[in-house]
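Trainee: Input: one structure, supplied below.
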Amino acid sequence: MPDFWRDVRYAVRTLGRLPVLSATIVLTVGIGLGATTAMLAIVKAVLLDPLPYADSGSLVWIYTDARPYRFRLSVVDYRALEADHSMFSAIAAYQGADVTVTDGEISERVYAKEVTGSYFPLLGQQPQLGRLFGPSDDARDNRTAVLSYEYWMRRFGGDRGVLGRGITIDGERYTIAGVLERSVGPLERDVALFRVAHWPPPQRRGPFFTMVIARPRPDVTRAAALESLHALNKRIFPIWRSSYQAEDATWGMQNLAERVVGDVGPTLMFVLIAVACVLLIACANAINLLVARGLHRSRELAIRGALGASRGRLLQQVGIEAAVLMAGAAIVGVGVAVLGLRLVAAYGGDYIPRLDEVRLSGVVLAWMVGLAVASGVLLGAVPAWQSARLRIEQALRSGGRGATDGPAARRVRRLLVAAEFALATPLLVAAALVLASLHQLTQVPVGIATDALLTGELALPDGRYPNEADREAFWKRAQLRLSGLPGVAAAAVADSRPPEDAGNLNNFDLEDRPALNGKQPVCTWVGVTPAFFKTVGLTLERGRLLDDRSLQENVVVVDRAWANRFFPGEEVIGRRFREGGCTTCEWTTVVGLVGDMKWMGLDAPENGTVYAPFVNQSNGYVILRGTGDPLALASSLRQAIRELDPGLALANVSSGDELVAHALATPRYLSVLIGGFGLTALVLSVVGIYGVMAFFVQQHTRDIGIRLALGSDPARTRRMIVGQGLRLVAIGVAAGIAAAYFASRLLETSLYGISATDARAMAGVPAALLAAAVIACLIPAYRAGRLDPAEVLREG
């Protein structure tokens, strides 16, 4: 142990005299270590950890399986399950929506859930304060609310006297019964408050807005539970056939954790692989630096050996130096991991589920220690191998160069450089793919000019606007008032806004294309006022637009994608259908055709849109077209809404360009993330090839001088050095392309308009890498070609 601590102090002093080399190794390996640790923490929380609910592994989501679609159940379906769920120990349901909370003169829009009394008991959640709902609350029409912990802290400052206090939700008075515990799961994310679900008796099977979760009985297999769902769905189908004819549709069951995570798993695994590659590249560069240093210190080690130091003693010293470097890298790694998790939490909340559960836990830190130890072994193994091969007599006689600069050492360093390029190539291919995908998305036309639009969301509380006439009158007053604002060219109201806030998907049955087996087509359904088309600039191609009589006439307008989907090359004006699964309703007639417009996201396929009259709905978006900067109208818009009704809260005020930018936020985030890793890998790899070739020139200065003295052409010398470097790069890139062909398939679900094996990316990245390698090799090659043979030989 005295020798050990002496070697530690010596290693610290020695590395302190080499600040550039030590800092380079500590920072590059530390960044790779920290980034890998941060991604391990994310993968653990999102993909590996159970949901933070009681016995969460047995929780399932029950959904409507209308292949290829999966969507929620209707109230009809839940009531049937509630009455007969013998295969399940418990079931619960909820619906979510934005509500207006009013407290004196302050009104705000928050997200709330209507939950059945079995919701909290099923999930095993406890109150932080007061009580939560239970099954007995289903039977009485109470007006109580449960606050989330975050909303309680933000709105009421954590006041424990909030219990029993009144709160106005959508114009109705509620009493605060409790506060939910602080530690909750993804189902409660962004939820401000909960109310007991008192859904009126359904008149039809739809709409499908009810999320149903359940827990199968312990003695029931998943297959038996699924079979019981199929049987129950089949029993109730004839009862509600008039409103839902999809006879092929049934009920399905999926683990709740899989439902929560969605399809983000492959992308997270690819990013984890990416940061692991960056760590390996950083380690390879560090090993190359340590090998180069070992060549310079071979004489020192030879003298120690000559003075009696054993081979084990020399290996201990070399290993301790690597351990000291890795300790510094681990400290840097902790800081990078903490910073990385904060950045991901700040910018990735809309993309990565369960992000609020990510922690730098003891398990993750233990993984980091394991990574640091493994990296330290890698960093110390090659220099230790060099020391083990040291020949004392030769090192003392030659001054150190010939002792270690043998063919084996050169092969190791070149192999490491080739490995760096093999690891960097898949990352750069992935970066090229996601950047190309982002470029494709930015070129997707929204269908309208968004630069002059301003939008905001409004909800009319049932307590203040209890009937259709009241709501219709408000929307007419609002449109008239907003149209008269200074700087407003036109104003309209709709239940959706582009490019990804579609309010509704609806099924329908065409008169002359009846659905087979009741499997009706589905498309986007947008309610708009007549001024909508002028306000957004959507042009009429044939027929006529909606007007004030359209609701009574039961007519709609469709877009070009709808016409091409159902009546390609045919006249669409005059076509009729029945909507919502109704078999006895009046026919709805198409009277106009307009251009296409994005409603379901920029990357969504064009499945067609139906524009129906917006008259008396409770929720809607006001849409303004300004004559100048639309954001300058925001204050006037808010003031106008306050004048119309001070109890309403205008929410989500955004310009059209901001809505488009928000639609691109997720692919842009992924592009920055993977692009950053790819750029880091490229820089480290280029530095690696430069270091190897520069060291080659330095070690062979006398040989090159002799070649030049014997008449060798300097250009030929440069070509020789560049050729040696490119051979290493070509080997690594070839291996990397093979890996990229398979690894990039993990990104398929995140790409738009480009294949995961796109030929341009597969060919362009190797070309770019070879070009970067040529530039990196030219610098030492140019230096070698300018050597003065006389001066080199004189120094020798």
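The values are calculated or read from the model by the stated rules, or taken from the named source; none is laboratory data. Bear in mind the structure is a predicted one, so any value in this text is a computation, not a measurement. Note that each Cβ is placed from the backbone with ideal geometry, even for glycine, and that neighbours are counted across all protein chains shown. Just the protein is used for accessible areas: all its heavy atoms, side chains included, with ligands, DNA and RNA removed. Shrake-Rupley method; radii C 1.70, N 1.55, O 1.52, S 1.80 Å.
Trainee: Test Pro202 against the stated conditions and say whether it is of a type outside the set (Val, Ile, Thr), open to solvent by 20 Å² or more (accessible area, probe 1.4 Å) and touching a helix residue (DSSP H, G or I) at 6+ places or on another chain (Cβ under 6 Å).
Mentor: When the stated conditions are applied, Pro202 passes them.
Trainee: Something else about it: Identify all residues within segment 358-369 that are part of a helix (DSSP H, G or I) and open to solvent by 40 Å² or more (accessible area, probe 1.4 Å); write none if there are none.
Mentor: Result: Gly362, Val363, Leu365, Ala366, Trp367, Val369.
Trainee: Another question about this same structure. How many residues does segment 196-220 hold that are closer than 21 Å to Asn255 by Cβ, under 34 Å from the mean Cα position of the chain (by Cα) and at pLDDT 90 or above?
Mentor: 7
Trainee: Let me ask something additional. Please verify whether Val686 is aliphatic (A, V, I, L, M), in a helix (DSSP H, G or I), touching a residue at least 60 places away in the same chain (Cβ under 8 Å) and under 30 Å from Ala767 (Cβ atoms), treating the condition exactly as stated.
Mentor: The answer is yes for Val686.
Trainee: Take the residues in segment 111-142 that are more than 26 Å from Arg464 (Cβ to Cβ) and hydroxyl-bearing (Ser, Thr, Tyr), then tell me which one is surrounded by the fewest Cβ atoms within 10 Å (Cβ to Cβ).
Mentor: In this case the residue turns out to be Ser136.
Trainee: Ok, one more. For Ala436, state whether it is in a loop (DSSP other than H, G, I, E, B) and either at pLDDT 90 or above or under 30 Å from Gly487 (Cα atoms) (or both).
Mentor: No.
Trainee: Hey, another quick one. If the requirement is being surrounded by fewer than 20 Cβ atoms within 10 Å (Cβ to Cβ), on the phi < 0 side of the Ramachandran plot and touching a residue at least 60 places away in the same chain (Cβ under 8 Å), which of these qualifies: Glu82, Glu108?
Mentor: One residue alone meets the criteria, Glu108.
Trainee: I need the helices (runs of 4 or more DSSP H) fully contained in segment 1-97, keeping only those with at least 1 residues that are modelled with pLDDT under 90, touching a helix residue (DSSP H, G or I) at 6+ places or on another chain (Cβ under 8 Å) and farther than 25 Å from Asp263 by Cβ.
Mentor: Of the helices (runs of 4 or more DSSP H) lying wholly inside segment 1-97, those with at least 1 residues that are modelled with pLDDT under 90, touching a helix residue (DSSP H, G or I) at 6+ places or on another chain (Cβ under 8 Å) and farther than 25 Å from Asp263 by Cβ span 2-16, 19-43.
Trainee: Would you confirm whether or not segment 49-63 contains a residue that is surrounded by fewer than 20 Cβ atoms within 10 Å (Cβ to Cβ) and without any contact (Cβ under 8 Å) to a residue 60 or more places away in the chain?
Mentor: No.
Trainee: Can you go through Thr627, Thr588, Thr609 and tell me which one is in contact with a helix residue (DSSP H, G or I) (Cβ under 9 Å, 6 or more places away or on another chain) and among the hydroxyl-bearing types (Ser, Thr, Tyr)?
Mentor: Exactly one of Thr627, Thr588, Thr609 is in contact with a helix residue (DSSP H, G or I) (Cβ under 9 Å, 6 or more places away or on another chain) and among the hydroxyl-bearing types (Ser, Thr, Tyr), namely Thr609.
Trainee: Let me ask something else about it. If Tyr151 satisfies every condition in (1) at pLDDT 90 or above; (2) within 30 Å of Phe237 (Cβ to Cβ) but one, which is the exception?
Mentor: Among (1) at pLDDT 90 or above; (2) within 30 Å of Phe237 (Cβ to Cβ), the lone unmet condition for Tyr151 is (2).
Trainee: Can you go through Val446, Val429, Val417 and tell me which one is assigned to a loop (DSSP other than H, G, I, E, B), at pLDDT 70 or above and open to solvent by less than 20 Å² (accessible area, probe 1.4 Å)?
Mentor: Answer to the check: Val446.
Trainee: While we're looking at this one, here's another question. Have a look at Leu726, Leu747, Leu769 and point out the one that is more than 36 Å from the chain's Cα centre (by Cα) and surrounded by 15 or more Cβ atoms within 10 Å (Cβ to Cβ).
Mentor: Leu726
Trainee: Filter the strands (runs of 3 or more DSSP E) completely within segment 497-586 down to those with at least 2 residues that are open to solvent by less than 80 Å² (accessible area, probe 1.4 Å) and of a type in the set (S, T, N, Q).
Mentor: Of the strands (runs of 3 or more DSSP E) lying wholly inside segment 497-586, those with at least 2 residues that are open to solvent by less than 80 Å² (accessible area, probe 1.4 Å) and of a type in the set (S, T, N, Q) span 505-510.
Trainee: Residue by residue through segment 449-470, note down the ones that are within 19 Å of Leu624 (Cα to Cα) and exposed (fewer than 14 other Cβ atoms within 10 Å of the Cβ).
Mentor: Across segment 449-470, the qualifying residues are Ala449, Asp451.
Trainee: Would you check which residues across segment 143-190 are buried (at least 16 other Cβ atoms within 10 Å of the Cβ) and assigned to a helix (DSSP H, G or I) and list them?
Mentor: If the condition is that a residue be buried (at least 16 other Cβ atoms within 10 Å of the Cβ) and assigned to a helix (DSSP H, G or I), then Tyr149, Glu150, Tyr151, Trp152, Arg155, Phe156, Val162, Pro186, Leu187, Glu188 are the ones that fit.
Trainee: How many of the residues in segment 471-487 are open to solvent by 20 Å² or more (accessible area, probe 1.4 Å) and touching a residue at least 40 places away in the same chain (Cβ under 8 Å)?
Mentor: 8
Trainee: To continue, here is another question. Are any residues in segment 209-260 crowded, with 20+ Cβ neighbours inside 10 Å and aromatic (Phe, Trp, Tyr), and if so, which ones?
Mentor: Tyr244, Trp251 - these are the residues of segment 209-260 that are crowded, with 20+ Cβ neighbours inside 10 Å and aromatic (Phe, Trp, Tyr).
Trainee: Here's something else I'd like to know. Of everything in segment 674-722, what is modelled with pLDDT of 75 or more, β-branched (Val, Ile, Thr) and crowded, with 16+ Cβ neighbours inside 10 Å? Give them in sequence order.
Mentor: If the condition is that a residue be modelled with pLDDT of 75 or more, β-branched (Val, Ile, Thr) and crowded, with 16+ Cβ neighbours inside 10 Å, then Ile674, Thr680, Val686, Val687, Ile689, Thr717, Ile721, Val722 are the ones that fit.
Trainee: Kindly provide the set of residues from segment 645-668 that are open to solvent by 40 Å² or more (accessible area, probe 1.4 Å) and either without any contact (Cβ under 8 Å) to a residue 60 or more places away in the chain or on the phi < 0 side of the Ramachandran plot (or both), ordered by number.
Mentor: Within segment 645-668, Pro646, Asp657, Glu658, Ala661, His662, Ala665, Thr666, Arg668 meet the criteria.
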